[in-house]
Amino acid sequence: MPHFIELENVSKTYKTGEVETPALRDVNFITDKGEFCVVVGQSGAGKTTLLNLLGGMDTCSDGIIRVDGEVISGYSQKRLTSYRRFDIGFVFQFYNLVPNLTALENVELAAEICKNPLNAAETLEKVGLKERMNHFPAQLSGGEQQRVSIARALAKNPKLMLCDEPTGALDDETGKQILRLLLDFSGSDGMTVMLITHNAAITQMAKRVVKMRNGGIRSVTINDEPIQPEEIEW
Amino acid sequence: MVTKSLWKNIYRDIFSSVSRFLAIVIITALGAFVFCGLRATAPDMENTADKYYKDSALMDYRLLSSVGFDEADVEALRELPLTEYVKPAYRADVLVSAPSGGGAVRLHAIASDAEEKSINDLIFIAGRGIENDGECLIGSATFREEIAANIGDIITITDENKSETLDMLATREFTVVGIVQSPLYITNFLGGTDIGSGSLLNYMYVGESAFDISVYTELFVVAADKGELSSFSDEYKDLIGGGVTALEDFAETRAQIWYDRVYNDALAELTDAENTLSEEREKAYSELADAKQKLDDGEQEIADGKAELEANALELEAARIKIADGQRAINDAENKLAQYEMLLTPEQLTEAQTELAAQKTALNTARKQYTDGLTAIDEGWKKIEDSEQEIADGRAKYETGLRDADIEFAKAENEIADGYAELAEVKVPTWYVYDRKSNPGYDGFGSDAGRINALALTIPVFFFLVSALVCLTTMTRMVEEQRTQIGVIKALGFRRGQIMFKFMLYATAASVTGAIIGIAAGILVFPVTIWDAYKIMYRLPAVELGGNVWIIVNTFAAAVLSTVIPTYIACRGNLREMSAALMRPKAPKIGARVLLERITFIWRRLKFSHKVTARNIFLNKSRLFMTLIGVMGCTALLLTGFGLRNSITGVAVRQFDAINLQDAEVTLRDASTGFDDSELNETLAGLDCSALYYRKIQIDAVSDKVTSTTLEINLMIPEDLDSVSKFIRFNNVRSNEELTLKPGSVIITEKLAEWLKISVGDTVTISTIRTDGGNRKASLTVAGISENYVGHIIYISPETYERELGDAPEYDGVLLKFNGDFERENILTSILTVDNVLSALDISVFRSTVADMLKSMDTLVWIIIGSATALAFVVLYNLTNINITERIRELATLKVLGFYEVEVRRYVYRESRVLTVFGMLLGLVGGIFLTQYVIVTAEVDNIMFLRGAITPLSYGLSVVITLVSAEIVHWVMRRGLTRINMVDSLKSAE
């Protein structure tokens, strides 16, 4: 049975004029459907590049990326957009909410363009923002904004949820609540969650941990007994 | 101090954002182009004209008099401190015939005098000056073809002229040797005259020997103390105004002097004549008496002679008898002697014989005496007869002499009596003092330049407002974009001034570049284009550019400051913050609900994306207003351009298709017979057309508000009020009803009513010039104000004219309207064969003349439309660009969320489309008002532009250009949208 995500010898090189900067070198790994996967590494290890490639925001220079049986590494810009639209949910470190839209509207904005979106209000209720869904981002705390961001990703009903340092701008307690949410949603409807972070502590709660260094995979470990986010010691 | 690295930073900023830099350059250039160009035009026009006036030594005053001027007048005038110099001249209005036709022209001759200075110098278009008698120069200024002569043409002063006029002239035939342009006539309309058709068709210069007249008829004066004053300056106008008043006083004095001299001279002459007469009479009659005495004496002598002769005859008779007796005695004595011969002694015989011989001798002597006496008597009688004849002749002569003397002296007495009567008639002459305003076109040109200046104060302001707004927005955005950088530089210890310097330099570099380009283009394009347009009406040399430094300087200052000041304000606001605060991203604007959301039933129905648009539009209020005002300004300017064009080009169409319905106009040679000219009427009867006789008279002044020197106003008298509507449609301006011309009132044309500020029911006072120089005035009620675009006309019925303004009108023109097709060539030719027809003109000639004249304005309009379109592009480009760069993060997020390119574009552009449409709608409304204002200020004197004539096409084009500009800008910007890099944009919160 094929894996949900398969990367075969994926490389990415950025070209600026004549200078070539390799960001990813020969990356190979897999993730199964419904897994909670954490990619960890120092700054410049290539984890964001990996996330960008998986999210269809960038294309790889070499190798094959397969998601849910489709080879996305050969997609055109337009197909990549469709891929982002229908298959991917994205949670950003800085939330990236549209400042001019209320929490609810931010979620609706994403839901509106999908085939089988979840109800925006219900999704917000699930992330615990029932009472504050008509507030504007600037009226919400960082944690609340990130919840909206998660709700926005969830409402698209994606196959794969990609989270880029979702707790990076949050305090510990709020960060744990966010991780809890992500964990809760992983596996439901077969949704796979992939989270990248430089914070090794978070790896404790992941099923699969991918450690990166210098643009390559250092190790992939399967954590048979992941702990609950609340128990993580930072 | 600005460090090297800061300089580098500035260069990089310019090169890394070429589009922004260019946007500021272009928008500044556009503003400066229109602002400087349009304002430079009027001064350039004025300077060019002023230089021409100065170079040609154009007169400042012109004096005319009803009796002419003599040397003493000229000398006295020269003595006045206000005159620099005086040039006596001759002039006469004459009817001439030329190869191309004929009509009224004004003849000029400058008298030669001791002063070397020239006046009203001519520009030679062709040919040479006058060298011999019988040569002339002719004016080039005419679009009436009647008197357009070529070199070598012979121009003849016709016999139709008044004898007073012909008496003034020594030469009546001239050969054209040069085509000239006189500064006295700078327009094609040369003024009115009392001969011919009432309008001067051209002017001619001849040598002074062509005039045979003892006085000068015109004096040209150059004012003293005017220095380098511009003819258009208030100082000059004040100087000349004062001069005219002083000259009028002077004129009054001189006129009185003339009167006194003429009166006293005549009186002395008459007294002398009377004295001479009485002396002569005495002498003549005494001579006659002497002659009579002599005759009487002669008669007496004759009678005496006769008596003497008769007495002599008696004596002779006695002598004859004595002689006969003596003879008989001798005979007896001889007989006796012979009988007694023997008886006698010889002595006795000898004695007797001697005695007898003595007796015979004595008798012979007596007989001779007798014969002599008879002869003497005969001679005496002959003499008497001669004398009697002599006396009879003498008496006849005397009788004739006496009769002649009686007649002669009676005549002389009458003459003296006439002389006294004439003396009583002598009046103080009238002097007329004019300044340059009396020169045709002089005033009109000044007001045309003024009108362009008025236009220059409206349209460029809009351009500037819009460009300043866009610069403000752009620079504010630039400062905000570089917030973090500013923070960093500040944290590194650079002073505020140094940091500000960078932005100021950026703004200055862009605006200075733009200002230089705009000013250079503006001062070249506008004056030349507008001058070309006015050249159709004015005869002036080529325009001289860029005279006005002040305009260049203040345009430059305004252009640079309108960019630099907003930059300074934007910088100052940001630099006040602490550097730490600057390095943090600016707190996002709190989203806000818009008013529309309160209207839930509408809000709910809106599509989600529309709601977003509504929110976004109102999120940034300053940008909302800038976009609205920017687009509004562009659309308003576009609509103004197109509207101006509609109003202008519509003039010819409306005037000649809806108001003047005639096909042709005929001018008659002799007005007195016109109406009854059988030859003409027969010709017209054969042409299947309707004819309307009319008389057109130039009005001198209306209600003392408008005079013939400022406006050419005609009084039009149609002969037949019933058929006039076939030829001229009097449309009521407001109600669009048709007006009818009724006896007892007048209809006046719209623009004249505007000038006079009168409405229906008001009274106007019309004054017409009479040939003797006097005026006739009549106050009449305005019965209607009629639509009219070309010229100013007051319509009056013949009855009213005759009653209020004098004589029965002499119809000198005919309007023709053809029932069938108008085959102009054949028809006009056949009409022109009629003796009394001076000219027959196809109305379409006027139509195209007017259309040509107005086409000149077209160029200006296209510049405005072009500039407005360019402005629309730059404004929309800039605003869209700002909108995108400002929200790059939001757009990147949308892309990550899986929005297709087309959806992202729609998301951004929907806002700008909505704003463009609203701005455009506002612009259409604003444009209507701006058009109205611009039209009124831009009109020329004798033309009225159509009011409210903006066509649907113009609205359409304004809308289309605005929308297409927006869409082109959007199309250009899609590359920018596509290039937004999701990865980079999401990395940090900056």
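Each value in this text was obtained by applying a stated rule to the coordinates, not by laboratory testing. Because the structure is predicted, anything quoted here is derived from the model rather than measured. Cβ coordinates were reconstructed from backbone atoms using ideal geometry, including for glycine residues, and neighbour counts include every protein chain displayed.
Cα convex hull of the range B:856-928: mean projected area in nm², to one decimal?
Numbers: hull surface 23.6 nm².
Dividing the Cα hull surface by four gives the mean projection, 5.9 nm².
Using a simple spin-label model with pseudo-atoms 7 Å out from Cα toward Cβ, residue B:274 and residue B:553 lie 7.6 nm apart.
If the range A:5-231 were replaced by its equivalent ellipsoid, with semi-axes equal to the square roots of 5 times the Cα gyration tensor eigenvalues, what would those be, largest first, whole Å?
Working: eigenvalues 155, 81, 55 Å².
Over the Cα atoms of the range A:5-231, the semi-axes work out to 28, 20, 17 Å.
Does anyone have the angle between helix B:18-55 and the longest principal axis of chain B? Alpha-carbon axes, 0 to 90°, nearest 10? Rounded to the nearest ten degrees, it is 10. Within the same chain, lysines fewer than 8 places from residue A:78 are excluded, and of the rest, those with a Cα less than 22 Å from its Cα are A:12, A:115, A:156, A:159, B:895. Taking the longest Cα principal axis of chain A as reference, the axis of helix A:77-87 is set at about 50 degrees.
Determine, for B:943, B:125, the number of other Cβ atoms within 10 Å of each Cβ, and report the residues in order from fewest to most.
On the way: B:943 19, B:125 15.
By the 10 Å Cβ count, ascending, the order reads B:125, B:943.
The range B:519-574 and the range A:125-172 have Cα centres separated by 57 Å. State the percent of C-alpha pairs, over all pairs in the range A:171-217, separated by a distance greater than 18 angstrom. Here the long-distance tail beyond 18 Å is 34 percent of all Cα pairs in the range A:171-217. With 30 Å as the limit, the listed pairs B:427/B:751; B:162/B:696; B:306/B:397; A:126/A:207 have B:427/B:751 beyond it between alpha carbons. Using R0 = 60 Å, the C-beta based FRET efficiency linking residue A:225 and residue B:602 works out to 0.60.
Taking every pair of Cα atoms in chain B, average 1/r, invert it to obtain the Kirkwood radius, and report Rg/Rh to two decimals. Spell out each step's value before the answer.
Values: Rg = 52.1 Å, Rh = 37.6 Å.
For chain B, the value is 1.38.
Here the convex hull built on the C-alpha positions of the range B:61-133 has a volume of 151 cubic angstrom per residue. At an R0 of 30 angstrom, the distance between the Cβ atoms of residue A:16 and residue B:886 translates into a FRET efficiency of 0.70.
Taking 0.36 nm per residue of separation and subtracting the Cα-Cα distance, full extension of the segment from residue B:410 to residue B:11 would add 132.4 nm. In the calculated pair-distance distribution of the range B:670-835, the portion above 28 angstrom amounts to 27 percent of the Cα-Cα pairs. The tail of the calculated P(r) for the range B:234-381, taken as Cα-Cα distances beyond 21 Å, holds 75 percent of the pairs.
Excluding same-chain neighbours fewer than eight residues apart, the lysines reachable from residue B:368 by a Cα-Cα span under 22 Å are B:322, B:360, B:382.
For the range B:894-983, trypsin sites (Lys or Arg not before Pro) meeting the loop criterion (DSSP other than H, G, I, E, B) and having at most 11 other Cβ atoms within 10 Å: B:979. Take each residue in B:898-908, count the other chain C-beta atoms within 10 Å of its C-beta, and the mean is 4. In this label model, residue B:318 and residue B:732 are separated by 13.0 nm, measuring between points 7 Å along each Cα→Cβ vector. The helix-based estimate of mean residue ellipticity at 222 nm for chain B, built from -39,500 (n - 2.57) per DSSP H run of four or more residues and divided by its residue count, is -20500 deg cm²/dmol to the nearest 500.
Helix A:172-185 and the long axis of chain A differ in direction by around 80°, with both axes built from C-alpha atoms.
Could you tell me how far the Cα centroid of the range B:424-450 sits from the Cα centroid of the range A:1-78, in Å? Going from one Cα centre to the other spans 94 Å. Note on residue B:918 and residue B:355: their simple-model spin labels are 18.7 nm apart, each label 7 Å out from Cα toward Cβ. Across every pair of non-identical alpha carbons in the range B:61-225, the mean reciprocal distance, once inverted, gives a Kirkwood radius of 16.2 Å. Take each residue of peptide B:890-896, count the partner chain Cβ atoms within 10 Å of its Cβ, and average: the result is 6. Stretching residue B:132 away from residue B:364 to a fully extended chain increases their span by 73.9 nm, per 0.36 nm per residue minus the current alpha-carbon distance. Selection among B:154, B:189, B:132 by position relative to the dipole of the range B:61-225 gives B:189 as farthest towards the positive end (Cβ unit charges, Cα centre). DSSP loop GluC sites (Glu not before Pro) in the range B:724-761 with at most 14 other Cβ atoms within 10 Å of their Cβ, which ones? Loop-located and lightly packed - B:737.
First obtain the Kirkwood hydrodynamic radius of the protein assembly as shown from its Cα pairs, then insert it into the Stokes-Einstein equation at 10 °C and 1.306 mPa s, and state the resulting D in µm² per second as a whole number.
Taking Rh from Cα pairs, D becomes 38 µm²/s.
Annotation: extensible slack from residue B:621 through residue B:294 equals 104.4 nm (criterion: 0.36 nm per residue apart, minus Cα-Cα distance).
Between residue B:762 and residue B:160, take the C-beta separation as r, use R0 = 35 Å, and let me know the FRET efficiency to the nearest 0.05.
Values: r = 41 Å, r/R0 = 1.17.
Working from the Cβ atoms, E equals 0.30.
3J(HN,Hα) couplings calculated from phi for the range B:207-216 with the Karplus curve 6.51 cos²θ - 1.76 cosθ + 1.60 (θ = phi - 60°) are, in sequence order, x, 5, 5, 6, 9, 10, 8, 7, 10, 7 Hz; Gly and Pro show x.
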